[in-house]
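*Asks:* Next up is a structure, given as structure tokens.
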Amino acid sequence: MDPRRKETIIKEIKYWKQNSLLPEHYCDFLLTLYTEGTEETDSKKHSFFSLEAFKASVSISFVIVLLLITIVVIYFTDFSFVLQMTVLATIMAVLFLIAWYISKSSQLLSHLYILFAALLSFLMLVHVTSEFFPENRLAMGIAVFITCVLWMLSGIWWKVRFLMIAGIVGLSLLGIFVILEV
């Protein structure tokens, strides 16, 4: 086969694999076929010390540090309420931007960032509600309801299934809580 044509086919198969146009094992088979077994597939490249594993561990560590900073700023400092919310909103924005930036290369890490940003949004809304409406269960219920609906709509809009599930579970738990309190 013409080497240029073979290289074009290999690039196309890699594109299919990267964009999930074909199942990964089909692409691995085709790559093995066209490279005559000389190129390693992604499944062979994954090991404990791979670059992807390092990136994942750094990302998870970064998220944990941001989460700890958030908890410390909100619960263990005497910062003003406005400064606390500014720090929290900034961290959420950073998490969403990182999730958007890495969504093409690693959907799993992107979802991790979205998950923590969603949890921070819940924390922020609960903190704001308790600041403006202390000891008001109705206001807290409405805040939780709004958060869960926003999660569901975001999950539908961005096709992120766990956000839809989190919204549904949150609304279900809110409904159970309301029923038990009546």
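The values are calculated or read from the model by the stated rules, or taken from the named source; none is laboratory data. Small disclaimer: the values here were computed from a predicted structure and weren't measured. Note that each Cβ is placed from the backbone with ideal geometry, even for glycine, and that neighbours are counted across all protein chains shown. The accessibility values were calculated without ligands, DNA or RNA, using every heavy atom of the protein model including side chains. Shrake-Rupley method; radii C 1.70, N 1.55, O 1.52, S 1.80 Å.
*Asks:* Relative contact order, percent, of segment 82-182 when contacts are C-alpha pairs under 8 Å separated by at least 6 residues?
*Replies:* 18 percent
*Asks:* Oh, and also: Counting only GluC sites (Glu not before Pro) that sit in a DSSP loop (anything but H, G, I, E, B) with at most 16 other Cβ atoms within 10 Å, what is the longest stretch of the chain containing none of them?
*Replies:* 41-134
*Asks:* So, one more: Keeping all protein chains in the complex and leaving out DNA, RNA and ligands, what accessible area do you get for V178 with a 1.4 Å probe, in Å² to the nearest 10?
*Replies:* Surface accessible to solvent at V178 totals approximately 80 Å².
*Asks:* I've got another one for you. Label segment 55-108 by shape, choosing from rounded, prolate and oblate, from the square roots a ≥ b ≥ c of the eigenvalues of the Cα gyration tensor; if a/c is under 1.5 it is rounded, and otherwise prolate applies when a/b is larger than b/c, oblate when it is not.
*Replies:* Oblate shape, in that a/c is at least 1.5 and b/c is the bigger or equal ratio.
*Asks:* Taking only the alpha-carbon positions of segment 5-145 and ignoring solvent, what does the Debye formula give for the base-10 log of I(q)/I(0) at q = 0.09, 0.14, 0.18 Å⁻¹?
*Replies:* Values, matching the q order: -0.46, -0.78, -1.03.
*Asks:* With all protein chains present and a 1.4 Å probe, how do T38, T90, T129 order by accessible area, largest first?
*Replies:* So, going from the largest accessible area down, we get T38, T90, T129.
*Asks:* Same structure again: Subtracting the Cα-Cα distance from 0.36 nm times the residue separation, let me have the gained length for L180 to S130 in nm, one decimal.
*Replies:* Using 0.36 nm per residue and subtracting the Cα-Cα distance, I get 15.9 nm.
*Asks:* Another question, then. Taking the solvent-accessible surface of protein heavy atoms with a 1.4 Å probe, what is the per residue accessible area of the chain in Å²?
*Replies:* 71 Å²
*Asks:* How would segment 71-182 be classified by its alpha-carbon gyration tensor: rounded, prolate or oblate, with rounded meaning a/c under 1.5 and the a/b versus b/c comparison settling the rest?
*Replies:* Judged from the Cα gyration tensor, segment 71-182 comes out oblate (a/c at least 1.5, b/c at or above a/b).
*Asks:* Same structure, new question: From largest accessible area down, sort I74, I179, I142; use a 1.4 Å probe on the protein chains.
*Replies:* I179, I142, I74
*Asks:* Where does each of K104, K55 land when they are ordered by accessible area, with a 1.4 Å probe and the largest first?
*Replies:* Correct descending sequence by accessible area is K104, K55.
*Asks:* Rounded to the nearest 0.05, what FRET efficiency do S172 and V94 have when you use their Cβ-Cβ distance and R0 = 25 Å?
*Replies:* Here the calculated transfer efficiency is 0.25.
*Asks:* Hey, any idea what % of the chain's accessible area is carbon plus sulfur with a 1.4 Å probe?
*Replies:* Carbon with sulfur: 70 percent of the solvent-accessible area.
*Asks:* What's the FRET efficiency of I60 with T38 using the Cβ-Cβ distance as r and R₀ = 35 Å, to the nearest 0.05?
*Replies:* According to the calculation, E is roughly 0.55.
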